[in-house]
Amino acid sequence: MIRVRVIGTGSYLPSRVVPNEELASTLRLSPARIQQLTGIRTRHWAGDHEASSDMAIEAGRRALDAAGCAASSIDAIILSTTSPDMAFPSTACSVQRGLGCRQVGAFDVSASCSGFLYGLSMAQAMIQSGQMQTCLVVASEVKSRSLDLQDEATVLLFGDGAGAAILRGEEDRSPEWRGILGIKLYADGSHHGLIRVQAGGSRTPLSSDRLRNQEHSLRMHGASLFRIAVRRIEQAVLEIVKEFGLCPGDLKQVVLHQANGRILSHVADRLGIDQSRLASVIERYGNTSSASLPIALDDAVRGGNILSGDLILLGSFGGGLTWATGLVRW
């Protein structure tokens with residue numbers, strides 16, 4: 001039996017810290033009010049010299065170090081991003097070059113904030129099929145460059161960063177299954193307009209008029225997303241734990257997409273999960289889109305909140321709409 005385990009995690013945050021005080025100077029909100037609305041006190045924004053691939057490379061190196069692996073052992077790179085270095089070639093190819101990996105497969109995944117779990121599912125399937133043994137799954141986002149600094153619905157929330165995990169397939173016949181137990185993926189395109197960047201693709205190419213109107217900026221209907229996100233995540237968590245004969249009380253740690261502090265609190269309350277079992281980095285890092293889940297996971301691992309044998313729930317929700325859950329025995 002090939003079981004797929006996460007054998008190392010890593011993350012990277014840019015050095016520039018953007019506190020609420022900096023944003024409050026251009027918006028009619030106090031720093032305290034921003035934190036009350038979002039749960040965020042600071043976020044990190046990339047420097048002018050940093051792109052998604054730069055951050056992904058750093059997070060990937062830290063994951064390789066944690067796993068005790070050389071870059072030459074990687075058989076594939078799957079990179080989640082909605083802010084690629086450029087339209088093509090893929091950002092994953094830049095990461096492959098930057099890490100010094102062999103000429104292995106490398107490709108991008110675009111599933112908004114659910115992209116890391118989508119990538120994790122692909123890596124699990126490819127490893128279990130025998131196509132590879134070791135895979136780097138990384139999510140990297142530079143959302144700050146698609147923000148309208150006058151739009152409080154988005155500028156308060158989003159930060160930049162990258163998170164990574166090394167997956168390895170191992171023969172394991174022990175009765176206690178360690179590794180990824182299951183991943184469930186979902187999408188509902190009928191709500192695709194609730195969060196999007198309208199211009200810049202083949203349907204609405206960029207033009208000087210569209211740039212002037214800031215149609216290349218991220219737009220979001222926050223109230224509608226909030227209600228749908230809480231309901232969808234709750235349902236998806238209950239589905240996957242029920243599938244494995246478990247309940248939320250069996251989970252040692254719950255690591256969700258760090259969308260908004262209020263979403264995290266509402267989901268935890270509805271599932272009856274104590275705050276001590278809910279991984280949270282939202283106050284320090286804000287919403288780093290698809291990178292937020294692996295950043296929070298790495299923080300929990302390095303902080304000693306996730307130990308060998310622990311049952312971990314991963315969950316995400318994002319544009320598309322997409323959402324996903326995963327169950328892992330660490």
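Could you give me the residue pairs with C-beta distances under 6 Å whose first residue belongs to the stretch 1-19 and is open to solvent by less than 30 Å² (accessible area, probe 1.4 Å), whose second residue is in a strand (DSSP E or B) and aromatic (Phe, Trp, Tyr) wherever it lies, and which are 6+ apart or on separate chains? That search, which allows pairs on different chains as well, returns 18/45.
Within the stretch 53-67, the residues that satisfy the criterion of being touching a Phe, Trp or Tyr at 6+ places or on another chain (Cβ under 7 Å) and open to solvent by less than 40 Å² (accessible area, probe 1.4 Å) are 55, 59. Tell me, which residue of the stretch 320-330 that is open to solvent by 10 Å² or more (accessible area, probe 1.4 Å) and either part of a loop (DSSP other than H, G, I, E, B) or without any contact (Cβ under 8 Å) to a residue 60 or more places away in the chain (or both) is farthest from residue 113 (Cα to Cα)? Once the filter is applied, the top-ranked residue is 330.
Only one residue in 265, 289 is under 22 Å from residue 222 (Cβ atoms), at pLDDT 95 or above and touching a helix residue (DSSP H, G or I) at 6+ places or on another chain (Cβ under 9 Å). Which one? From the options 265, 289, the qualifying one is 289. Residue pairs whose Cβ atoms lie under 6 Å apart, separated by 6 or more positions or on different chains, with the first residue in the stretch 247-264 and farther than 15 Å from residue 292 by Cβ and the second among the polar types (S, T, N, Q), are 253/305. Cβ separations smaller than 6 Å between residues 6+ apart or across chains give the following pairs from the stretch 290-310 residues that are within 11 Å of residue 11 (Cβ to Cβ) to residues that are of a type in the set (Phe, Trp, Tyr) and in a helix (DSSP H, G or I): 293/116; 294/116.
Let's see how each residue does on (1) touching a residue at least 60 places away in the same chain (Cβ under 8 Å); (2) of a type in the set (Gly, Ala, Ser); (3) touching a Ser or Thr at 6+ places or on another chain (Cβ under 7 Å):
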site: 128; (1), (2), (3): yes, no, no
site: 131; (1), (2), (3): no, no, no
site: 147; (1), (2), (3): yes, no, yes
site: 157; (1), (2), (3): yes, no, yes
site: 161; (1), (2), (3): yes, yes, yes
site: 173; (1), (2), (3): yes, no, no
site: 179; (1), (2), (3): yes, yes, no
site: 187; (1), (2), (3): yes, yes, yes
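Mind checking which residues of the stretch 183-195 are in contact with a helix residue (DSSP H, G or I) (Cβ under 9 Å, 6 or more places away or on another chain) and either open to solvent by 50 Å² or more (accessible area, probe 1.4 Å) or not acidic (Asp, Glu) (or both)? Across the stretch 183-195, the qualifying residues are 183, 184, 185, 186, 187, 191, 194, 195. Of the helices (runs of 4 or more DSSP H) that lie entirely inside the stretch 201-312, those containing 1 or more residues that are surrounded by fewer than 13 Cβ atoms within 10 Å (Cβ to Cβ) and touching a strand residue (DSSP E or B) at 6+ places or on another chain (Cβ under 8 Å) span 222-243. Within the stretch 21-43, work out how many residues are surrounded by fewer than 21 Cβ atoms within 10 Å (Cβ to Cβ) and in contact with a helix residue (DSSP H, G or I) (Cβ under 7 Å, 6 or more places away or on another chain). Total satisfying the criteria: 10. For the residues 140, 202, the requirement of being among the hydroxyl-bearing types (Ser, Thr, Tyr) and modelled with pLDDT under 95 singles out 202. Flag set for residue 160, criterion: charged (D, E, K, R) and modelled with pLDDT of 95 or more.
The values are calculated or read from the model by the stated rules, or taken from the named source; none is laboratory data. These numbers come from a predicted model, not from an experiment. Here Cβ is always computed from backbone atoms with ideal geometry, including for glycine, and neighbour counts include all displayed protein chains. Areas reflect the complete protein model, heavy atoms only, side chains present, ligands, DNA and RNA absent. Shrake-Rupley method; radii C 1.70, N 1.55, O 1.52, S 1.80 Å.
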